[in-house]
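The values are calculated or read from the model by the stated rules, or taken from the named source; none is laboratory data. What you see is a predicted model, and the numbers here were worked out from it, not measured in a lab. Here the Cβ is made from the backbone with ideal geometry for all residues, glycine too, and neighbour counts use every protein chain on show. To get the accessible areas, we keep the full protein, side chains included, count just its heavy atoms, and leave off ligands, DNA and RNA. Shrake-Rupley method; radii C 1.70, N 1.55, O 1.52, S 1.80 Å.
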Amino acid sequence: MLDEPLHRWRCNYAVMLKAASLELNPALSPVRRFEELIAWMLSDFLVAGPAAIYCAMFLSPDAPRAGLMKGLRSQDRSRALAGVRNAAWDATYLSELVQRAQPHQYGKARCIFASADRSLSLLAPLLLFDADDRDAFRRHMAAKIEPWWRRDAGRVADVILGGMEAAQNRPAPEAPGVEDYVGQKIAEGEAAVSRPITS
């Protein structure tokens, strides 16, 4: 019963670790960090939609980001990793909502997303918007994230949409000889985030 959510959590944790390492890179602008994250998902991992949307908020310059990844710049790097793990649970909560709130299940049940977390409440509607028209989806996404990204909202919406489309047309990355590919990416991400913070 818990196998699938726990697998999603591990995948989300790997993504959050990558996002955290990009956030800590002062050489990159916020929009480049997000582009690098989606490029990494496509080249080295998988496109985890809810985690990507979560990171569209976390990596943005103007979103209300308090609490999204607690302790990331703490000198105690174990606190930073704990914050990343918590963010992975938040992304998993959102992905569970997406799994359960599918139109084909409306005849059986409806879902109510209950959370006192303001950030999750802002993110959940972005994951449930359904549009057959590509341009309508892009316009909707850009409008919703414009307060976070300002003039880069359209660019970020294009990155999200492009990532989703590319993911449909490429096989999952392979790593011959690696038994636990997700675990390998987690180990790489933990090593990157665990590096001491330099002022």
Problem set entry | Residues Asn86 and Gln184, FRET efficiency given R0 of 22 Å [Cβ-Cβ distance, rounded to 0.05] | 0.50
For this session: Leaving ligands, DNA and RNA out of it, report the carbon-plus-sulfur percent of the accessible area of the chain at a 1.4 Å probe.
Result: 52 percent
Problem set entry | As computed over the stretch 29-85, the Cα convex hull volume per residue (Å³) | 97 Å³
Exercise. Just going by the charge dipole of the chain, with Lys and Arg at +1 and Asp and Glu at -1 on Cβ, which of Leu6, Asn169, Leu127 is farthest out on the positive end?
Worked result: Leu127
For this session: Work out the count of Lys pairs in the chain where the Cα-Cα distance is under 27 Å, with the pair 8 or more places apart or on different chains.
Result: 5
Problem set entry | Correct choice for Rg and Dmax of the Cα atoms in Å that was computed from the model, options (1) 25.3, 98; (2) 18.6, 57; (3) 16.6, 56 | (3)
Problem set entry | Accessible area (Å², per residue) of the chain, counting only protein heavy atoms and a probe of 1.4 Å | 54 Å²
Seminar exercise, completed: At R0 = 45 Å the Cβ-Cβ FRET efficiency linking His7 and Glu146, nearest 0.05, sits at 0.85
Seminar exercise, completed: Any helix of the chain counts here only if DSSP assigns it H throughout, its Cα atoms span 20 Å or more along the axis, and its mean Kyte-Doolittle hydropathy is at least -1.0, and such helices are 3-23, 30-44, 77-100, 153-168
